[in-house]
Every structure is written in structure tokens, then in C-alpha cells.
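One structure below.
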Amino acid sequence: MYFRDHIYFLNTVVSAGFPSPAEDIFASKLSLQDYLIKNPNTTICIKVSGDSMKNIGIFSGDILIVDKSINPRNNHIVLCTLDGQFLVKKLSITKNSIKLISENKNYPLVNINEYDDFKIFGVVTASVKKFL
Amino acid sequence: MIFLVDCNNFYVSCERLFRPDLNNLPVVVLSNNDGCIISRSNEAKQLGIKMGEPLFKARKTIEQNKINVFSSNFELYGEISNRIMKELKSFSNSIEIYSIDEAFLDINFENYNLICENIVKKIKTTVGIPVSVGVGLTKTLSKVGGYLAKKIPRGYFVLDNSLITQNILSDLPIENIWGLGRRYSEFMINNGIKTAGDLIKKDKNWILSNLNVNVLRTREELIGISCYPVSSVSVPKKSIRVSRSFKKDVTKYQNLEKYISDFAFSASKKLRNENRRAKELSVFITTNRFNKINTSYYAGFKKHRFIVPTNSYIEIVKYSISILNKIYKKGLSYKKAGVILGELCLENEYQTSYIVTNHNRNINNLMQKIDYINDRFGMNKVFLSSQNLNQKSINNKTKLSPNYIDSWNDIPNIKI
């Protein structure tokens with residue numbers, strides 16, 4: 001059996017001198033995959049455009065990481081569907097209401113009514129921005 | 001108890017996952033060459049679209065009702081299927097993946113309804129695909145449960161009470177029972193066995209002398225005696241097959257040779273992905289039954305056995321072409337062709353031969369380099385010169401959806 005994703009090399013040349021004190025330490029590389037994605041099996045990535053969430057740091061072209069296994073709670077950023085359209089908004093849940101809040105004052109607050117075709121697709125756990 | 005988890009209209013549900021605008025609208029998915037309809041949403045079923053119906057026959061209904069049509073996107077369906085199966089493993093270690101959209105689970109926990117509810121809810125939320133669950137003492141009974149589950153909104157059905165089970169079985173038409181072929185079903189109907197209840201009442205010896213042991217096993221399973229336990233060990237593929245129908249008939253030998261090379265190459269790729277070697281290679285070509293040029297139907301088929309099992313692109317393509325040479329007949333127009341690799345063994349568990357000298361190391365290296373380049377930079381970056389590069393006449397997928405999960409270029413683009 002071997003582990004395909006993690007192959008650690010221990011590159012040692014046997015010599016007669018003083019052995020390196022670091023020789024026995026297996027160095028594992030930092031994995032952004034591990035850092036950003038807790039549950040790979042239930043996670044998808046999306047690319048966003050628009051400025052409705054700019055105050056929380058989500059801009060056009062960013063990649064959002066969405067985990068479907070997390071239970072959505074108040075103040076979570078969620079990917080949801082409303083009337084057959086995807087939206088990314090901040091979720092506001094109180095005792096008797098669900099609201100979708102934009103992080104930009106130019107966008108109105110959306111009240112979710114019982115008769116709306118509304119579903120939460122997943123919780124946004126991270127945003128990835130590349131500069132180059 | 002055995003739980004059968006079955007995805008509802010699986011391919012359509014996959015297409016809808018990233019297209020919420022398609023919920024409640026009729027959707028169909030087509031077979032590999034956009035030939036037939038192989039998955040239908042409930043709305044499409046209600047419009048009278050039949051399973052397996054050729055696209056051209058359904059065209060009028062599709063246009064009149066604005067049915068959304070997709071080519072089959074097996075990369076997407078495969079990934080979603082993998083995710084579902086992984087999630088199901090959290091319910092039981094004893095799981096048998098029966099097909100891309102079905103799995104049997106063996107679960108020993110009294111509250112069956114609760115488990116069913118949890119399975120339906122979990123797959124719907126964490127993967128996003130609707131499933132139905134059938135529960136019974138045996139696989140066959142769980143299949144009956146699954147069949148009934150699809151008809152009720154909650155999406156699961158448990159056959160646990162023997163009296164209720166008996167009533168259901170006495171009404172269940174024989175052709176709806178899992179594992180009985182159409183021929184046997186017809187034979188049984190002609191002999192007065194119309195329902196599962198009739199089959200249970202039938203004498204064992206009568207079944208054995210008039211039908212076969214598999215029908216007897218089905219009868220035993222229907223009364224709750226397990227004959228097909230859930231086997232978690234995945235059965236390795238016994239053969240790998242790559243075959244296509246051509247959009248236009250092929251008459252020239254050179255063209256056929258290119259196609260066969262392609263098929264042999266992609267069959268070898270599948271073989272290598274599974275870390276296997278093949279001992280047997282077969283190639284077939286068939287003519288078009290409906291073409292006027294052909295005076296009669298011809299099907300050519302021949303096998304080659306390798307002395308040492310192989311997984312080399314070069315060897316498999318080379319021998320495929322030499323078989324084609326033997327079975328090709330001039331002047332016919334061919335409709336379909338294919339390459340089949342059989343008698344597969346594990347990469348490291350094959351017998352070498354002292355007749356053939358061990359020249360494998362360099363070949364192996366070369367093959368691994370080919371895999372590396374093609375995996376990294378895209379399929380067919382490296383290929384053999386006998387292959388066909390213009391695949392348009394085969395891969396006729398005009399309505400392919402993006403590979404939403406597995407490709408950076410295809411991830412959903414969402415306006416927020």
C-alpha cells in the first residue's frame with residue numbers, strides 16, 4: 001500500500017562526518033488544500049463576479065470555497081438559490097425571519113418569505129484571491 | 001437489514017445540481033453519441049418521453065415542450081457518484097456499490113425509518129442529489145422497497161412486517177422483480193405466475209426443472225432467505241471495452257484502422273488507470289444492418305492472446321491493428337467497431353514467460369512518461385501515429401454541460 005497524495009522523501013547521503021541533526025525529521029510540505037478545504041468530499045469551488053459583497057472582502061474574480069456539509073447558521077456567508085438563481089449573501093436568521101444581507105449599501109436586504117423557492121446550497125468557508 | 005440507496009433520475013439530477021433554474025422544468029440526458037434518451041426528469045416522463053427512446057423520435061415532443069436536452073457528462077456524473085458513495089460509507093462499512101447510482105448497505109440498527117430519513121437528508125444536503133431508499137431482509141426485497149419508495153414523496157419504504165410484505169408481494173407484477181430476465185418473466189406469466197406472490201407459492205422442484213437456479217434464488221430472497229449477501233469487496237472489472245457507433249458509416253480500411261487505434265489506446269488507458277494488465281485482446285467490426293450497399297450483415301470478431309499479459313499502449317494498438325487486418329472485408333460499410341481487453345490481472349501479479357525475454361523495463365518507462373504527459377497536459381497530447389486525431393465523427397456530444405466540479409475552467413460562474 002502506498003499513499004499517492006503524500007510522498008515524503010528522506011534524502012540522505014551517508015557520509016563519515018558529523019550527522020545533520022535534522023536528518024531524522026520528515027518535512028511535510030504546507031498544503032493549501034488541507035488549509036482551505038476541511039471536507040473535500042462535500043466541497044465545491046465557484047468563481048464570482050459583482051461587487052455586492054465587497055465590504056466583507058469578496059470581489060469579482062475571486063474563487064469561493066463552498067462546503068455543503070456545514071450547517072448554515074446566523075452570519076454565515078452562504079451560497080443559496082432563490083427562484084432558480086444562485087446568490088452569495090450573508091445569512092441572517094432570527095426567530096421568525098430569514099434575511100439575506102449584502103455587504104454593500106447599494107444593495108437592498110432580501111426578506112425570504114415562506115412561499116419563496118429558497119434553498120441554501122452550502123456555506124462559504126473561504127475566498128481565494130490571486131494577484132497574478 | 002439491507003438498504004438499497006438509489007439516486008432519483010441520477011443524470012438529470014446531476015445536470016440540475018448546478019442549474020437551479022432547471023428545477024421543475026423537463027430535462028433529459030442523452031446516451032454517449034447523443035443517440036437515445038437515458039435519463040428523464042419526472043416532468044419529461046409525464047410528457048410521455050420513454051426510457052431509451054431515440055432522440056429523433058422524441059424530437060417533436062422535445063421542441064413542442066421546450067424540454068432541456070443534455071449530452072451525457074460522465075466525468076461529472078462519476079465525480080458526484082463517488083461523493084455519494086463516500087457519504088454512504090458513514091452509515092455502514094458493509095456497502096456494495098452496485099452501479100453509478102445504486103448501492104446496497106447492510107445495517108444492523110432497529111430504527112429503519114430513522115436511518116432512511118437520515119440517508120435521504122444527508123445525500124440531499126451534502127451532495128445535493130435526491131435519493132430513495134428501499135429496505136428489506138434481502139437484496140431482492142430491498143429492491144422491491146426501492147421500487148415502492150419512488151412512488152411516495154418521503155422517498156423510502158421498509159418491508160419489515162411480514163403481513164404487509166406478503167400483501168405487497170402478492171400484488172407485485174413478476175416483471176418488476178429484480179434479477180429476473182425478460183425471457184423468464186414471459187415464461188412465468190405464460191405459466192400463470194403473474195406476481196411475486198405466485199412465484200413464492202410455486203414448488204421449488206418445478207422452478208428447478210422448468211427454469212433455473214437463479215429464479216429459485218430470487219424466490220428464496222422474496223421469502224427473506226438471503227442468497228446474495230452484500231459484498232463490500234469491489235469486484236475488479238473482468239473486461240474493458242471501448243466501442244462506438246460511427247456517425248457516418250466507414251468503408252475505407254485506413255479510416256477504420258485509425259478508429260481501432262483510438263479505441264485500443266483509450267482501452268489501454270483505462271487498463272493502466274486500474275493498474276491492470278490484459279491477457280486477451282479482441283477486436284470487432286460490424287456493418288450497418290440498414291445500409292443498402294451491404295448485401296448482408298457482417299460481424300467480424302477475433303481474439304488474440306498475449307503470452308505475457310500486457311498494458312503497453314504500443315503492443316495493444318499493434319495487435320488490434322493486426323486483428324483488424326484479419327477481420328476486415330473490403331467493400332462493406334461499417335457502422336460499429338470496438339476493442340475489448342479481457343482476462344485482466346493485477347499489474348504486479350502476472351506470470352512472466354521464459355520464451356519472451358524481459359525487455360519490459362524500458363517499455364514501462366516509456367508508458368509511464370506517456371501517462372504523465374497526458375494526465376498533466378490533457379488526453380491525447382501524446383499518441384501513436386496510427387491514431388485518428390479528428391474525433392468529430394465519433395464524439396458527437398453537442399449539448400455537453402461543463403465539468404463543474406473537477407475543472408478550474410468549468411467551475412460555476414456566479415453573479416453576486
Per the filter on region B:170-204, residues within 16 Å of B:Ile223 (Cβ to Cβ), out of contact with any strand residue (DSSP E or B) (no Cβ under 7 Å at 6 or more places or on another chain) and not in a loop (DSSP other than H, G, I, E, B) are B:Ala196, B:Gly197, B:Asp198, B:Leu199, B:Ile200, B:Lys201, B:Lys204
Point to revise | Filter pass, A:Ile70 being within 11 Å of chain B (Cβ to nearest Cβ), of a type in the set (A, V, I, L, M, F, W, C), out of contact with any Lys or Arg (no Cβ under 8 Å at 6 or more places or on another chain) and open to solvent by 50 Å² or more (accessible area, probe 1.4 Å) | key: yes
Taking the criterion of being surrounded by fewer than 19 Cβ atoms within 10 Å (Cβ to Cβ), assigned to a loop (DSSP other than H, G, I, E, B) and of a type in the set (Phe, Trp, Tyr), would at least one residue in region B:51-63 satisfy it? no
Condition check for A:Asp51: farther than 30 Å from B:Asn24 by Cα and either in contact with a His (Cβ under 8 Å, 6 or more places away or on another chain) or not in a helix (DSSP H, G or I) (or both)
yes
Output for Cβ contacts, cut-off 9 Å, separation at least six or different chains, first residue away from chain A (no Cβ under 14 Å) in region B:11-37, second acidic (Asp, Glu) and open to solvent by less than 20 Å² (accessible area, probe 1.4 Å), reads B:Val29/B:Glu15
In region A:73-100, residues that are within 13 Å of chain B (Cβ to nearest Cβ) and either part of a loop (DSSP other than H, G, I, E, B) or surrounded by 18 or more Cβ atoms within 10 Å (Cβ to Cβ) (or both) total 12
Matching residues in region B:209-218 (at pLDDT 90 or above and open to solvent by 30 Å² or more (accessible area, probe 1.4 Å)) number 1
Reported set for region A:31-67 where residues are at the interface with another protein chain (Cβ under 9 Å from one of its Cβ atoms), closer than 12 Å to A:Val123 by Cβ and open to solvent by 40 Å² or more (accessible area, probe 1.4 Å) is A:Asn39
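The values are calculated or read from the model by the stated rules, or taken from the named source; none is laboratory data. Everything quoted here is computed from the prediction, not taken from an experiment. A quick note on method: Cβ atoms are made from the backbone with ideal geometry, for glycine too, and the neighbour counts reach across all protein chains shown. Only protein heavy atoms, including side chains, enter the accessible area calculation; ligands, DNA and RNA are left aside. Shrake-Rupley method; radii C 1.70, N 1.55, O 1.52, S 1.80 Å.
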